[in-house]
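Below is one structure; the comments refer to it alone.
Laboratory data are not the source of any read-out in this text; all were calculated from the coordinates shown. Computed from a prediction, not measured in an experiment: that's the story for all the values here. When we count neighbours, we look across all protein chains shown, and the Cβ atoms used for this are built from the backbone with ideal geometry, even at glycine.
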Ligand SMILES: [Zn+2]
């Protein structure tokens, strides 16, 4: 039987950055789902991250009890010390760029498991000239983290200590998404795996005082925000629904999840734009890209 050899991950846009990527042994950026911009007959894959020249304004849930507060704080401090060049500033909710909130039991439908994160990448300009180069004028400008809160009425002190590691792990994981890593790593241990057991192990070690290292995010922050991985041709008819919306507006914002993506604009009462129906299909077979307007 022939072994099906996967094509080595070598996106053309990252070739100039090989030396930088090699500075982060063990990094798994190839497991990331890139941000996707389907525009004017092209599907552009790119990475998006926060600027590092100023602190990121984060809001942690007011309702957190002292055990939860300690667990969440530990995750924030761990990311500050992970070599990404990031600092966080705690702010009231209206000023937050990264808003962290708990989901109570009746709100957990959307969160499959322990939580979810939406991390929005803003394009300053999506005009033909602005996005023609190796780097889009793009950076993250808002993230929302939602964490499922465990029922803890009956908990003892030991229970609180035990589950603090889990919460630290969940927060480390969701913060990774908020910082620009979408998708999950395959077949490896660590904070970027989908399995909560893995992040819990890391969370416990962090609470015990261990140093936190995450080479994949360090590699992402070694690259410029907006770096284009690849451009692939699609029929102009498939991007037309978005192309018609682009001229004359600032933005748009781009978001990508495990299944679908969004290109959208913000409005006082929410957002509007187009949904990229299947991220997997679009990346494997760009000619089958489907955009649905709201
Ligand atoms: Zn996740």
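When you work out D = kT/(6 pi eta Rh) for segment 5-154 at 4 °C and 1.567 mPa s, using the Kirkwood radius from C-alpha pairs as Rh and the Stokes-Einstein form, the result is 71 µm²/s.
With N as its number of residues, segment 50-96 has a Cα radius of gyration that, divided by 2.2 N^0.38 Å, comes to 1.19.
Each principal axis of the Cα cloud of segment 12-293 was evaluated for its coordinate range; sorted largest first, these ranges are 61, 45, 34 Å. Using bins of 5 Å that start at zero, the share of Cα-Cα pairs per bin across segment 209-294 amounts to 3, 11, 17, 20, 18, 12, 9, 4, 3, 1, 1, in whole %.
For the residues 156, 235, 260, a GNM of the chain with alpha-carbon springs under 10 Å puts the largest fluctuation on 156. In this structure, residue 197 and residue 156 have a Cβ-Cβ separation that, at R0 = 22 Å, corresponds to a calculated FRET efficiency of about 0.50. One Cα centroid belongs to segment 132-169, the other to segment 223-271; the line between them spans 26 Å.
In this structure, residue 42 and residue 141 have a Cβ-Cβ separation that, at R0 = 22 Å, corresponds to a calculated FRET efficiency of about 0.40. Note on residue 240 and residue 10: with the Förster distance fixed at 35 Å, the Cβ-Cβ geometry gives a FRET efficiency of about 0.65. Ordered by the count of other Cβ atoms within 10 Å of each Cβ, fewest first, 31, 195, 153 give 153, 195, 31.
Going by neighbour counts of Cβ atoms within 10 Å, the residues 162, 35, 221 line up, fewest first, as 162, 221, 35.
Stretch residue 118-residue 30 to full length: gain in nm at 0.36 nm per residue minus the Cα-Cα span? That works out to 29.6 nm of additional length.
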